[in-house]
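Down below is the structure, laid out as structure tokens.
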Amino acid sequence: MPTLIWSPASRDDVVRLRQFLARHNPEAASRAAESLKKAANLLLAHPGAGKRLEGRQDRELFVPFGKRGYIMRYRLDGDLIIILRIWHGLEDRG
């Protein structure tokens, strides 16, 4: 069974995204955090579910939520699934 690891940056992303949404809709902020948690747990059963990024070891999983959803970037390393970053679909990921 794989092990799921949230990087410090990905944990910060969840906090940042939740705080942004909570200013407008606290209930939606809780639902968004739950959607991200469910998506991460989905990776435990289906580690290859995300799209592999060309020229990289990273993968991206689209997490539906609202009109744009979230992008969860992760990496597979043996039995480890490392969640690297999370962005809202409209955020600049530069």
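Where a number appears in this text, it was derived from the coordinates with a stated rule and is not lab data. All values derive from a computational prediction rather than experimental measurement. Cβ: placed from backbone, ideal geometry, glycine included. Neighbour counts: every protein chain shown.
Points worth noting:
- In sequence order, calculated HN-Hα J values of region 58-74 (Karplus, 6.51, -1.76, 1.60; Hz; x Gly/Pro): 6, 10, 10, 10, 7, 10, x, 6, x, 6, 10, x, 10, 10, 10, 9, 8
- Rounded tilt (10° steps) of 8-22 against the dominant C-alpha axis of the chain: 20 degrees
- Counting DSSP beta bridges with both ends in the chain, the antiparallel % (nearest 5): 80 percent
- Debye, to nearest 20: dipole size of region 3-88, +1 on Lys, Arg Cβ, -1 on Asp, Glu Cβ: 280 debye
- Amide proton proximity set for D58, modelled H, under 5 Å, gap of 5+: L53
- Projected label distance in nm at R93 and A49, using a 7 Å step from Cα toward the beta-carbon: 1.7 nm
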